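Notes for the one structure printed next.
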Amino acid sequence: MKKPYALANESKDKYLEVFKELYEHSPWVIQNVYEIVKSDKKFDDIEKFHALLCEEMLAANDFLRMNLIKAHPMLAGKEAQKGELTDFSTIEQKSAGLNSCTKEEIELFNKLNKNYFEKFNFPYILAVKGKNKEEIIEDFNTRLENSYEKEKQIALEQINKIALIRIKGIYGN
């Protein structure tokens, strides 16, 4: 797979196709940095490419950032149970064992998702790669105690972590 600078210079369509789901249902992040990536070979470095994406996402207005947060699926939620997740989300949730929840675990995740959404009005977001169900449940419970502003900040940080995991996944890292 060609690196970001090389892809951007090959074709905008190819660049967008490869990177459009780094940010869940929010291709604007990738689109907004296209010309910058295309103009500088340093963005073939995955860390520099990721830093540029983070900067773009965090500099966006609150409306765009909130829509990005709300675009994320609930963990072990209805989309997962119906097989309606993006390819990236499916792989990530499967890696944490969320595709093999017992009936009781599904009920617990549904309750946690509901409580979290009722409190914050957006879904709980966690970069789940390398975590197990117990760690996720513990984090869920801890974060339910946070303020709205703190959770919004954590959600954006987690979204950027997820983007890096996805970039590394594209390149087999």
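The values are calculated or read from the model by the stated rules, or taken from the named source; none is laboratory data. As the structure is a prediction and not an experimental result, all values here were calculated from the model. We place every Cβ from the backbone using ideal geometry, glycine too, and count neighbours over all the protein chains shown.
Looking only at segment 11-68, which residues are of a type in the set (Phe, Trp, Tyr), assigned to a helix (DSSP H, G or I) and either touching a strand residue (DSSP E or B) at 6+ places or on another chain (Cβ under 8 Å) or surrounded by 14 or more Cβ atoms within 10 Å (Cβ to Cβ) (or both)? Write out each step before concluding.
So in segment 11-68, the residues of a type in the set (Phe, Trp, Tyr) come out as 15, 19, 23, 28, 34, 43, 49, 63.
Next, only the ones that are assigned to a helix (DSSP H, G or I) stay: 15, 19, 28, 34, 43, 49, 63.
Answer for segment 11-68, where residues must be of a type in the set (Phe, Trp, Tyr), assigned to a helix (DSSP H, G or I) and either touching a strand residue (DSSP E or B) at 6+ places or on another chain (Cβ under 8 Å) or surrounded by 14 or more Cβ atoms within 10 Å (Cβ to Cβ) (or both): Tyr15, Phe19, Trp28, Tyr34, Phe43, Phe49.
Answer yes or no: is there a residue in segment 145-159 that is in contact with a Leu (Cβ under 6 Å, 6 or more places away or on another chain), under 20 Å from Lys20 (Cα atoms) and surrounded by 14 or more Cβ atoms within 10 Å (Cβ to Cβ).
Filtering segment 145-159 down to residues in contact with a Leu (Cβ under 6 Å, 6 or more places away or on another chain) leaves 158.
Next cut, under 20 Å from Lys20 (Cα atoms) only: 158.
Those left that are additionally surrounded by 14 or more Cβ atoms within 10 Å (Cβ to Cβ): 158.
Scanning segment 145-159, I find at least one residue that is in contact with a Leu (Cβ under 6 Å, 6 or more places away or on another chain), under 20 Å from Lys20 (Cα atoms) and surrounded by 14 or more Cβ atoms within 10 Å (Cβ to Cβ), so the answer is yes.
Restricted to segment 142-173, and to residues that are under 23 Å from Ile46 (Cβ atoms) and assigned to a loop (DSSP other than H, G, I, E, B), which residue is modelled with the lowest pLDDT?
Asn173
From the residues in segment 104-141 that are among the basic types (Lys, Arg) and modelled with pLDDT of 95 or more, which one is farthest from Asn160 (Cα to Cα)? It would help to see each step written out before you state the result.
Here is the first cut: in segment 104-141, the residues among the basic types (Lys, Arg) are 111, 114, 119, 129, 131, 133.
Then keep just the ones that are modelled with pLDDT of 95 or more; that gives 111, 114, 119.
Numbers: Lys111: 26, Lys114: 24, Lys119: 23 Å.
My answer is Lys111.
Select, from Glu35, Glu55, the only residue that is under 14 Å from Leu156 (Cα atoms), touching a helix residue (DSSP H, G or I) at 6+ places or on another chain (Cβ under 9 Å) and not hydroxyl-bearing (Ser, Thr, Tyr). So that I can check it myself, show each step before the final result.
Working: Glu35 fails: under 14 Å from Leu156 (Cα atoms).
Residue meeting the stated conditions: Glu55.
Which condition from (1) of a type outside the set (Gly, Ala, Ser); (2) surrounded by 14 or more Cβ atoms within 10 Å (Cβ to Cβ); (3) touching a Phe, Trp or Tyr at 6+ places or on another chain (Cβ under 9 Å); (4) modelled with pLDDT of 95 or more is the one that Cys101 breaks?
(4)
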